[in-house]
Structures are given as C-alpha cells and as structure tokens.
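K.L.:
Input: one structure, supplied below.
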Amino acid sequence: MTDEGRSFLADAKRVLALAAETVESVQRLHSGEVRALNVGYVSNLFYDLLPKTLASFRQSVPTISVNLFDLSCGDQLRAIEAGKIDLGFAGLHEPIEMRGLQFRTIASYKTVVALPKNDPMARKSVVNLNDLAPMFFIGMSEASYPSYRDWLTKTCDRAGFIPKVLQDVDLERTMIHAVAAGLGVALVPEQVKKFEHENVVFRPLNPTVKTEGCVAWKDNNPSAALKAYVQIVEQVGRSIR
C-alpha cells in the first residue's frame with residue numbers, strides 16, 4: 001500500500017468509527033436512556049453560538065429537553081465537577097485543563113478596550129495596546145472568570161508592559177460601571193459591548209487581541225445527549241469561524 005493509501009485508510013477508519021458512535025448515540029437518545037441535558041452559559045458571551053446549537057440540537061433530537069443555567073465561568077466549572085450541569089460554555093481553556101475536564105475551543109472573539117468616555121484615548125478609532133501601559137485596569141475575579149488575570153498579564157506582556165490592576169470584580173456589568181466611574185480601563189470580548197453605558201466607549205485594539213471561548217464537560221459523563229450536543233457545538237463553531 002502506498003503512503004497515500006495508508007493515510008486514506010486511517011482517515012476512513014476514523015470516519016467510520018465516528019459514524020458508528022453517532023448512530024449509537026442517536027439510538028440511545030430515542031430509546032429513552034438519557035435524561036435532560038443541562039447546559040451552563042454566560043449571558044453576554046456566545047450569543048451567536050448558543051441559539052444556533054440549541055436549534056440544531058432540538059431539530060436532531062426533539063425528545064430531549066435542555067435546561068439552561070446562566071452562570072459565571074467559574075460557577076460553570078464547579079457545577080460540572082459536581083455533576084449539576086453536563087456542559088458549560090466556560091471561557092478560557094487553562095482552568096478547564098487544570099481541573100482535568102474535557103474541552104473544545106469553539107470560538108475566538110476580538111477583544112476591545114472599554115474606556116471612560118472623557119478619556120483622551122476614547123477619541124481614537126483604534127487604540128494601541130501599549131498606550132494603555134500607564135492606565136489602571138479593572139479585572140475579573142478568579143472565582144468568576146478563572147485565569148483572566150493570567151490572560152491579561154500575558155496579553156499586556158506581549159505589548160511590553162505589566163498591567164496595573166486596580167481591582168477585580170465578579171460581573172462584567174460591574175466592570176463596565178467601574179470604567180464609567182473613571183477607575184480604569186478593561187479588556188473585554190467584543191460581546192460585552194451590549195452592556196451599553198453613556199460614559200463608556202469601546203475601541204478595537206492594535207495589534208488585534210483574541211479571546212478564546214471553550215466548552216467543557218466531564219470525560220466520564222455517560223450522557224448520549226451530551227455527546228450529540230458536543231458534536232453539534234463543534235460543527236456550528238466551525239461554520240461560524
């Protein structure tokens with residue numbers, strides 16, 4: 001067999017194995033062996049992914065109900081570990097890996113800087129990341145957004161400075177209010193722009209900064225509904241990217 005033939009055979013075996021697993025999952029779903037699917041999410045993130053995945057899941061498996069839980073990234077990871085939810089749209093991959101959970105990176109969003117409206121940099125259409133070096137930053141707490149501080153530090157380090165974090169907060173909305181009060185600036189996924197505030201402006205960054213989005217679940221979770229939903233999330237994520 002040629003090298004090309006061996007490569008084709010390996011790929012064909014993987015496709016057949018995936019097809020067999022999919023058929024088995026669907027059979028188990030329709031046989032009533034599974035319970036409802038419990039999914040965690042952050043209300044201001046994945047606003048494009050979540051509705052599309054749920055619509056596709058309902059179309060594929062209409063007999064399985066989905067329960068949604070609006071939780072912070074940290075609360076989702078704790079709920080997965082406790083078996084309270086099956087899957088979470090849980091943010092960065094580092095804290096997921098540290099807990100030994102399974103994950104897939106399904107999205108990559110542009111990061112924007114939230115600035116007080118009266119700050120001189122708010123008049124710019126694009127803000128250079130290294131121009132933020134003298135500013136104070138508002139961060140997210142480790143409890144609500146695990147590894148955000150590490151992500152912020154690495155992001156700023158690539159621009160040649162260490163961020164001066166004034167305070168960490170638990171909610172994105174609180175972060176925006178702190179920026180509005182003139183306490184500092186914040187780096188946030190562009191979806192946070194929906195938290196409009198008359199005293200806050202959002203500007204893209206140079207160079208472009210990305211924020212990843214991952215789903216997480218327990219490897220030993222036997223739910224066939226979970227397996228089917230993970231496949232749908234991966235497919236929808238690829239189509240959006």
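The values are calculated or read from the model by the stated rules, or taken from the named source; none is laboratory data. Being a predicted model, the structure only gives us computed values, none of them experimental. Positions of Cβ are backbone-derived with ideal geometry, glycine not excepted, and every protein chain shown enters the neighbour counts. Side chains included, ligands, DNA and RNA excluded: accessible areas come from the protein's heavy atoms. Shrake-Rupley method; radii C 1.70, N 1.55, O 1.52, S 1.80 Å.
K.L.:
(1) closer than 24 Å to Ala55 by Cα; (2) open to solvent by 10 Å² or more (accessible area, probe 1.4 Å): which one isn't true of Val200, the others all being true?
P.N.:
(1)
K.L.:
Here's another thing I want to ask about it. Under 7 Å between Cβ atoms, which residue pairs at least 6 apart in sequence (or on different chains) link something in region 210-225 that is closer than 24 Å to Pro62 by Cα and at pLDDT 95 or above with a partner that is assigned to a strand (DSSP E or B) and aromatic (Phe, Trp, Tyr)?
P.N.:
Listed pairs, sorted by first residue: Val215/Phe89; Val215/Phe103; Ala216/Phe103.
K.L.:
Okay, next question. Does Val188 meet the test of being touching a strand residue (DSSP E or B) at 6+ places or on another chain (Cβ under 8 Å) and closer than 30 Å to Ser239 by Cβ?
P.N.:
For Val188, the condition - touching a strand residue (DSSP E or B) at 6+ places or on another chain (Cβ under 8 Å) and closer than 30 Å to Ser239 by Cβ - is met.
K.L.:
Looking only at region 167-181, count how many residues are over 27 Å from His93 (Cβ atoms) and open to solvent by 50 Å² or more (accessible area, probe 1.4 Å).
P.N.:
Residues that pass the stated criteria total 2.
K.L.:
Also: Return the residues of region 58-117 that are of a type in the set (S, T, N, Q) and part of a helix (DSSP H, G or I); say none if nothing qualifies.
P.N.:
Residues of region 58-117 of a type in the set (S, T, N, Q): 59-60, 63, 65, 67, 72, 76, 102, 105, 108, 111.
Gln59, Ser60, Gln76, listed by residue number.
K.L.:
Test Arg203 against the stated conditions and say whether it is in contact with a strand residue (DSSP E or B) (Cβ under 8 Å, 6 or more places away or on another chain) and free of Cβ contacts under 8 Å to residues at least 24 places away in the same chain. Full working, then the answer.
P.N.:
Numbers: in contact with a strand residue (DSSP E or B) (Cβ under 8 Å, 6 or more places away or on another chain): yes; free of Cβ contacts under 8 Å to residues at least 24 places away in the same chain: no.
It is false that Arg203 is in contact with a strand residue (DSSP E or B) (Cβ under 8 Å, 6 or more places away or on another chain) and free of Cβ contacts under 8 Å to residues at least 24 places away in the same chain.
K.L.:
For Pro189, which of the numbered conditions (1) open to solvent by less than 70 Å² (accessible area, probe 1.4 Å); (2) over 25 Å from Asp70 (Cβ atoms) fails to hold?
P.N.:
The one condition Pro189 does not meet is (2).
K.L.:
How many residues are open to solvent by less than 30 Å² (accessible area, probe 1.4 Å), hydrophobic (A, V, I, L, M, F, W, C) and more than 18 Å from the chain's Cα centre (by Cα) if we restrict to region 119-142?
P.N.:
Going through region 119-142 one residue at a time, the tally reaches 7.
K.L.:
Let me ask you something else. Look at region 108-122 and say how many of its residues are over 18 Å from Ile162 (Cβ atoms) and modelled with pLDDT of 95 or more.
P.N.:
Residues that pass the stated criteria total 10.
K.L.:
So which residues in region 25-41 are buried (at least 17 other Cβ atoms within 10 Å of the Cβ), hydrophobic (A, V, I, L, M, F, W, C) and at pLDDT 90 or above, if there are any at all?
P.N.:
Once the filter is applied, which keeps residues that are buried (at least 17 other Cβ atoms within 10 Å of the Cβ), hydrophobic (A, V, I, L, M, F, W, C) and at pLDDT 90 or above, region 25-41 yields Leu37, Val39.
K.L.:
Looking at the structure I just gave you, is Leu205 open to solvent by less than 20 Å² (accessible area, probe 1.4 Å), out of contact with any Lys or Arg (no Cβ under 6 Å at 6 or more places or on another chain) and at pLDDT 95 or above?
P.N.:
It is true that Leu205 is open to solvent by less than 20 Å² (accessible area, probe 1.4 Å), out of contact with any Lys or Arg (no Cβ under 6 Å at 6 or more places or on another chain) and at pLDDT 95 or above.
K.L.:
Mind checking which residues of region 60-90 are surrounded by 18 or more Cβ atoms within 10 Å (Cβ to Cβ) and of a type in the set (Asp, Glu)?
P.N.:
Asp75, Asp86
K.L.:
Let me ask something additional. Specify the residue that is farthest from Asp170 (Cα to Cα); the eligible residues are those in region 104-118 that are surrounded by fewer than 18 Cβ atoms within 10 Å (Cβ to Cβ) and of a type outside the set (Lys, Arg).
P.N.:
Filtering region 104-118 for residues that are surrounded by fewer than 18 Cβ atoms within 10 Å (Cβ to Cβ) and of a type outside the set (Lys, Arg), the one farthest from Asp170 (Cα to Cα) comes out as Asn118.
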